[in-house]
Ligand code: NDP
């Protein structure tokens, strides 16, 4: 769709069709690399949420084609979804890059593949999922057969963040669909375009009302989706503070909740680690998506014996990273998502200096030719960081690595775990046996040994502590979208033979 000024327009998509927002209002979508307006997106409100929830409710309760469909058939549709993603990869990647600032290298080379893989692999997984499980029949005191059924939860509110719009979409939508739910997606209002388009595309193979999208402010649409009495489950990715609020809203009607929140990933560099591998790997761990990833490796704990050598190499490798226009294949790191976010990242860097740490490279605004309207931060390495400094405690969400010196392994593990977060953690060492032991002591949902961002679409992903709960990816994610029911059948026809009945029917012979 296009507006009067020829701008691409993204309305809401409810019950199988595009529809105008109740408010009639649209807002601009900005390319964070250039400051250019790349589209207009509908601003939904509570009335739109009511409409979308009613459509999803109807598709679940009344039309029910989707939830009653056999897992094999749903699996086939999920595989069609994967094909749709691949067939439209270029358009989706360009939409995503132009509103999120993620590099084309990353979106085309990683995210789109992962999105297709999530739909495709869950298409297989759903055929093996134990939707019905038979428990051993118990002969005594009477013949009873019990089955365990796993059923879709119902209508799901799926709220995603701006940093990986398509990937976060697939991490929630694919398992929610696999389990037979219906849903309303709310992308971040600053990065909605790829999500709205993909919802339209997927609706060509899904029954009406199963997959809906309502864009709008989190404080309006997100709030309504987490409070609505006809919503059964909320899955949220975003900040820990809003996650906490979402949990409180959901508690009012006991909605099931999955929360994927912030992180402050510690990587322990052992004295035997390969300096070269750590330099490239740890910086990949923090600079991917310019540090705007929850599971980034943002604290690097380096043993005192190799500290100086490590810092020197981190500085050199960091200075090789190309900051530039995300559309350029030579670019390794793009912009911050917004000016506000840029300012927040710069304030964190300033706080580190004020707290007594030292910037060995970066720390300033990066100028990118042709992208004067964008907000780029230089790849930044800060050393001499103590774990109680603000840069080591709080999620910066920018290209900033905090390096902390340690003397003993016990101290390193204590520092690593001394965080409110527990999403990712890692170990860099040549001794993989010891690494396994360290992994056991690290309180995080994912532990990566000798690399970072080793997320697999078939391995569970999620947080310990205030990084949230519930798991995404693979068969573990289907489990987050089912209710468990036990169905028992008695085969004893004679009331007198039912021993339990005699507790009440004491005269029964
Ligand atoms: P938020 O937590 O505010 O946003 C995440 C999603 O929640 C967005 O879709 C947002 O909508 C929505 N939302 C906002 N308010 C509510 C509400 N009251 N009820 C329901 N949904 C709501 O993250 P920000 O974008 O503000 O980022 C702030 C910080 O959070 C970042 O700097 C980073 O530290 C962290 N973060 C962590 C992420 C992760 O992957 N775990 C992802 C993104 C951010 P909308 O934006 O449209 O208002």
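Summary table below
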| read-out | value |
| --- | --- |
| Relative packing of peptides 238-251, 100-113 - highest average C-beta neighbours within 10 Å first | 100-113, 238-251 |
| Overall dimensions of region 386-509 by Cα: Rg and Dmax, Å | 25.2, 79 |
| Crossing angle, helix 240-251 versus the chain [Cα axis fit, 0-90 degrees, rounded to tens] | 10 degrees |
| Mean Cβ count within 10 Å, highest first, over the residues of peptides 58-68, 296-306, 493-503 | 296-306, 58-68, 493-503 |
| Order of 315, 264 - criterion: other Cβ atoms within 10 Å of each residue's Cβ, fewest first | 315, 264 |
| Sequence-separation-based contact order of region 400-478, relative, with Cα cut under 8 Å and 6+ spacing, percent | 27 percent |
| Alpha carbon centroid spacing (whole Å) that separates region 357-388 from region 44-90 | 42 Å |
| Mean-position separation - Cα centroids, region 290-317 and region 120-168, in angstrom | 41 Å |
| Region 266-449 - percent relative contact order, Cα under 8 Å, separation 6 or more | 28 percent |
| Residue-span extension gain [residue 50 to residue 497] - 0.36 nm each, minus C-alpha spacing | 155.7 nm |
| Distance histogram for region 266-449 (every C-alpha pair counted, 10 angstrom bins, percent rounded to whole numbers) | 10, 40, 35, 13, 2 |
| Counting DSSP beta bridges with both ends in region 266-449, the antiparallel % (nearest 5) | 20 percent |
| Rounded Å value of the spacing that divides the Cα centres of region 228-247 and region 458-509 | 25 Å |
| Sequence of 346, 171, 454 once ranked by neighbouring C-beta atoms within 10 Å, starting from the fewest | 454, 346, 171 |
| Hull-based mean projected area of region 73-172, where the convex hull spans the alpha carbons, in square nanometres | 8.5 nm² |
| C-alpha long axis of helix 89-100 to longest principal axis of the chain, angle in ° | 60 degrees |
| Contour excess over end-to-end distance, with Cα ends at residue 113 and residue 490 and 0.36 nm allotted per residue | 130.8 nm |
| Antiparallel DSSP beta bridges within the chain, percent to nearest 5 | 45 percent |
| Packing rank of 184-193, 130-139, where each peptide gets the mean count of other beta carbons within 10 Å, highest leading | 184-193, 130-139 |
| On Cα atoms only, tilt of 193-202 relative to the major axis of the chain in degrees | 30 degrees |
| Residues listed by number, region 461-492, amide nitrogen under 17 Å from residue 145 label point at 7 Å toward C-beta | 486-492 |
| Pairwise label distance in nanometres, residue 1 with residue 347, each label 7 Å out on the Cα-Cβ vector | 3.6 nm |
| Span per principal axis, largest first, for the Cα atoms of the chain (Å) | 86, 64, 37 |
| Gain in span if fully extended, residue 319 to residue 410, counting 0.36 nm per residue against the direct Cα distance | 29.5 nm |
| Relative contact order (%) - region 84-222, alpha-carbon pairs under 8 angstrom, separation at least six | 24 percent |
| Two-site FRET efficiency, residue 312 against residue 36, from Cβ-Cβ distance with R₀ of 45 Å, rounded to 0.05 | 0.70 |
| Residue 201/residue 239 FRET efficiency (R0 25 Å; Cβ-Cβ; nearest 0.05) | 0.30 |
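Any read-out appearing in this document is the output of simple, stated calculations on the displayed coordinates, not a laboratory observation. Treat the numbers as computed from the prediction; the structure is a model and nothing was measured. In this analysis, Cβ positions are derived from the backbone assuming ideal geometry, glycine residues included, and neighbour counts consider all displayed protein chains.
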